[in-house]
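The values are calculated or read from the model by the stated rules, or taken from the named source; none is laboratory data. All values reported here derive from a predicted model rather than from experimental measurement. Reconstructed Cβ throughout: ideal geometry from the backbone, glycine too, with neighbour counts over all protein chains shown.
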Amino acid sequence: MPIVSTQHMDVAAGSLPTHQLLNVDGKRIPDEELDHHLKDLKEADLADFLRDMVVLRRMDNEATALQRQGQLGLWAPLLGQEAAQIGSVRATNDDDFIFPSYREHGVAWARGVQAEDLLSVWRGARASGWDPNEVNIACQQIVIGSQALHAAGYGMGIKFDGGEQVSVAYFGDGATSQGDVNEAMVFAASYQAPVLFFCQNNQWAISEPVALQSRTNIADRAHGFGLKTWRVDGNDILAVYAATKAALAHARHGLGPTFIEAVTYRMGSHTTADDPTRYRKSEQLEEWKAKDPIDRLVKYLHEMGADVQSYEQRAQNAADEMAAKLRAAITTMEDPKVEELFTNVYAEPHEPTERAAKNYLDYLADFEGGE
Amino acid sequence: MATTMLKALNKSLHDALSEDDKVILLGEDIGTLGGVFRVTDGLKAEFGEHRVVDTPLAESGIVGTAIGLAYRGYRPVVEIQFDGFTYPAFDQLVSQLAKLHYRSRGRVKMPVTVRIPYGGGIGSPEHHSESPEAYFAHTAGLRVFAPSSVEDAYAMLRQAITCDDPVIFFEPKRRYHEKSDAELGNVQPDASPKAKVIRSGTDVTVVGYGPTTYTLIDAAMAAEDEGTSLEVIDLRSLDPLDIDTVAQSVQHTGKLVVVHEASRTSGLGAEICAEITERCFDYLEHAPLRVTGFDVPYPPSRLESHHLPDLDRVMHAVDTVMRHHEASKGAAQ
């Protein structure tokens, strides 16, 4: 029996269509099901999308550079996934609660998290870059897929207390193999909870191609759990935005959980510690570069006859401003105080932790006093 | 009127549900059936299916969704049906529930109580008799409670539910039918219960928790007949450990025996013996001893009487520390 190379597995075509509202040339393709979710989008909104994606790509580049310069311990690039993140998060209401993985920098940034606060975690200076209650985004999750259950639970809570919000779980194609993601879909479906499972299928889980996770379209599997599901071109910001709007409306109408598979591509490495040349061919990267989400929106704006140059200039200015502020903040960011090591392990008094803190601080003080 | 531990736990959940509408119960078979042990009997009928929630059969799912509910402001109390089914939820317990307060820099509280009927001695098949408490006592961010008496079952469960930290709550299932005339109430305002001297003595300090506490009382009575006085301490909280109470006792007895059903290596007994050796070295007249389950998988039930620390094994340890004591007294004379 021949050995099957997992690098060349195919994914079966699946039964759900892949919605594309902007083709790679930026031409608008009518979509009977999703078009009406775009009716409130103005040209100014598209210009904002462009600015968001340009700033985000710049932040990603800056972060990679800062890691190379020793300012960050690690960075997980999102290069290529800008439309999937901005298109989805801009479709949410501010009080829809989001449960992200570790790559959703764009989602957090779009909700108002400052780039330097985001990167402080990757520098190792803080355990979390934001206050979850302030931006309605849970702490970033590194264990693959664990956050999907938290989103399901939060959605059950919305259902039980009669809230109007939607709970949103972000995860990747690799996470769909995890028990927690599958359990989350079971729970959300059982209680018909208002939960959106948003999967960015970026084709790669470090070195493993999506076919190793799923031999059929991921969207088809979600559909099997009884979730209303859409498969969209994840590099098409209009398709992502419209499908997310559709999913959120579905949940708000009390119709239960939904799933979106946004088909995109991780153009960079898994993290700055990864070397993709060991497992994938450069042709694939070239193929996806032609589908770039930012280029595509620019082409569409040209098609519309918009003043693209001024929008691009504005986006560039915002990116420059963010980058300068980010670099200054990160390169001067102080290490946390040693007391923080012991702070917030427990919410209520915990004598052994307090004793350990006191003993260690006394020990350090002995050195300072004993010169 | 006498009440059982099962009824006390049921009343504790009932009172918590009545007092705070953010308290929500989740677990397998806890609703319509009332739980396989009937701890939640009647609660769904009284509080409704959105307060007492039958869940799909997925332990990671139960704990993971409880975390999501806590993010939403709920105060979930989940039931893991049996000790040996805790492990599918391990990531959610030790990497999520335990760490979210720290990870969020204190912004997100996780007031989740995880009830686990635990321990052996009921003739069950595999996975129904385990004592996994050491895993959770080892994990920073979790509190671990293990009541032994009917009164404590009520009060400590109330305490666990009120606590803003996650609490792993171990219920000694072979004592579920234990009866007491004591009045239920007396809930302490502290985040964790303190250890309790449940029988005073002068010769040997014997420390246990949960189901072994009863064996220690039996041992104290047997030892008394032989002229040896045991001081029995019920730990009640396994994290944080109230070592002060144990140390005070050892300072006057000079001898320590720690007893638990869980396996010996890296168990709670090892921790207590190490702490006491560090704090009470000059008071000790004999090395602290442990009487525990063996370092074997929980055995088929026809062998469990050998595995579980019984009166004879506890008395053997007590005799060992006492004989040495008598011998050294003789040598000095």
Per the filter on the range A:300-333, residues assigned to a loop (DSSP other than H, G, I, E, B), touching an Asp or Glu at 6+ places or on another chain (Cβ under 9 Å) and under 30 Å from A:LYS27 (Cα atoms) are A:ALA306
_Verdict on A:LEU285 being at pLDDT below 95, closer than 27 Å to A:LEU72 by Cα and in a helix (DSSP H, G or I)_ = yes
Taking the conditions exactly as written (assigned by TED's automatic domain parsing to the domain that holds B:ALA98 and more than 30 Å from A:ASN133 (Cβ to Cβ)), does B:ARG75 satisfy them or not?
no
Counting only helices (runs of 4 or more DSSP H) entirely within the range B:233-322, those with at least 2 residues that are more than 22 Å from the chain's Cα centre (by Cα) and modelled with pLDDT of 95 or more are B:243-253, B:268-280
- Task: Taking A:TRP75 as the residue in question, decide whether it is aromatic (Phe, Trp, Tyr) and in contact with a helix residue (DSSP H, G or I) (Cβ under 6 Å, 6 or more places away or on another chain).
- Result: yes
Note on A:PRO336: of the conditions (1) under 29 Å from the mean Cα position of the chain (by Cα); (2) surrounded by 13 or more Cβ atoms within 10 Å (Cβ to Cβ); (3) in a helix (DSSP H, G or I), unmet is (3)
By residue number, the members of the range B:36-56 that are away from chain A (no Cβ under 14 Å), hydrophobic (A, V, I, L, M, F, W, C) and farther than 15 Å from B:ILE116 by Cβ are B:LEU43, B:ALA45
*asked:* It is to be established whether one or more residues within the range B:240-250 are touching a Cys at 6+ places or on another chain (Cβ under 7 Å), free of Cβ contacts under 8 Å to residues at least 60 places away in the same chain and either of a type outside the set (Phe, Trp, Tyr) or assigned by TED's automatic domain parsing to the domain that holds B:LEU311 (or both).
replied: yes
The number of residues in the range B:203-259 that are in contact with a helix residue (DSSP H, G or I) (Cβ under 9 Å, 6 or more places away or on another chain), of a type in the set (Val, Ile, Thr) and closer than 30 Å to B:ALA140 by Cβ is 13
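Conditions tested, residue by residue: (1) under 29 Å from A:ASN93 (Cβ atoms); (2) of a type in the set (A, V, I, L, M); (3) not in a loop (DSSP other than H, G, I, E, B).
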position	(1), (2), (3)
A:ALA251	yes, yes, yes
A:GLY256	yes, no, no
A:ILE260	yes, yes, yes
A:ASP274	no, no, no
A:ARG280	no, no, no
Counting only helices (runs of 4 or more DSSP H) wholly inside the range A:113-232, the ones holding at least 3 residues that are farther than 27 Å from A:ASP31 by Cα and at the interface with chain B (Cβ under 10 Å from one of its Cβ atoms) are A:132-135, A:146-161, A:179-190
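Please pick out the residue among B:LEU33, B:LEU9, B:LEU17, B:LEU93 that is closer than 23 Å to B:ASP165 by Cα, more than 14 Å from every other protein chain (Cβ to nearest Cβ) and modelled with pLDDT of 95 or more.
One residue alone meets the criteria, B:LEU9.
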Verdict on B:LEU97 being touching a residue at least 40 places away in the same chain (Cβ under 8 Å) and over 21 Å from the mean Cα position of the chain (by Cα) | no
Assess whether B:LYS109 counts as being within 11 Å of chain A (Cβ to nearest Cβ), surrounded by fewer than 24 Cβ atoms within 10 Å (Cβ to Cβ) and under 23 Å from B:ALA155 (Cα atoms).
yes
- prompt: Is it fair to say A:VAL168 is touching a helix residue (DSSP H, G or I) at 6+ places or on another chain (Cβ under 8 Å), closer than 18 Å to A:GLY106 by Cβ, surrounded by fewer than 24 Cβ atoms within 10 Å (Cβ to Cβ) and among the hydrophobic types (A, V, I, L, M, F, W, C)?
  reply: no
Taking the range B:121-178 and keeping only residues that are within 14 Å of another protein chain (Cβ to nearest Cβ), surrounded by fewer than 24 Cβ atoms within 10 Å (Cβ to Cβ) and under 16 Å from the mean Cα position of the chain (by Cα), one is left with B:ALA137, B:HIS138, B:THR139
| message | Looking at the structure I just gave you, is B:ALA220 crowded, with 16+ Cβ neighbours inside 10 Å, away from chain A (no Cβ under 13 Å), among the small types (Gly, Ala, Ser) and farther than 26 Å from B:GLU326 by Cα? | response | no
Note on A:ARG57: of the conditions (1) farther than 18 Å from A:ARG327 by Cβ; (2) among the basic types (Lys, Arg); (3) in a helix (DSSP H, G or I), unmet is (1)
B:VAL23 - would you say it is more than 9 Å from every other protein chain (Cβ to nearest Cβ) and crowded, with 24+ Cβ neighbours inside 10 Å?
no
Residue set B:VAL167, B:VAL150; condition among the β-branched types (Val, Ile, Thr), assigned by TED's automatic domain parsing to the domain that holds B:LEU97 and touching a residue at least 60 places away in the same chain (Cβ under 8 Å); output residue B:VAL150
Of the residues in the range A:40-54, those that are at pLDDT 95 or above and assigned to a loop (DSSP other than H, G, I, E, B) come to A:LEU41, A:LYS42
The correct count of residues that are farther than 23 Å from B:GLY210 by Cβ, surrounded by 14 or more Cβ atoms within 10 Å (Cβ to Cβ) and of a type in the set (Phe, Trp, Tyr) in the range B:277-311 is 1
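Can you pull out every residue in the range B:57-81 that is more than 7 Å from chain A (Cβ to nearest Cβ) and in contact with an Asp or Glu (Cβ under 8 Å, 6 or more places away or on another chain)?
Across the range B:57-81, the qualifying residues are B:LEU57, B:ILE62, B:ARG75, B:GLU79, B:ILE80, B:GLN81.
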Taking first residues from the range A:169-186 that are free of Cβ contacts under 8 Å to residues at least 40 places away in the same chain and within 14 Å of B:GLY68 (Cβ to Cβ) and second residues anywhere that are part of a strand (DSSP E or B) and of a type outside the set (A, V, I, L, M), the pairs with Cβ under 7 Å that are 6 or more apart or on different chains are A:VAL181/A:PHE171
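Give the range B:72-81 a look and list any residue that's crowded, with 20+ Cβ neighbours inside 10 Å and either aromatic (Phe, Trp, Tyr) or in contact (Cβ under 8 Å) with a residue 24 or more places away in the chain (or both), or say none.
B:TYR74, B:ARG75, B:PRO76, B:VAL77, B:VAL78, B:GLU79, B:ILE80, B:GLN81
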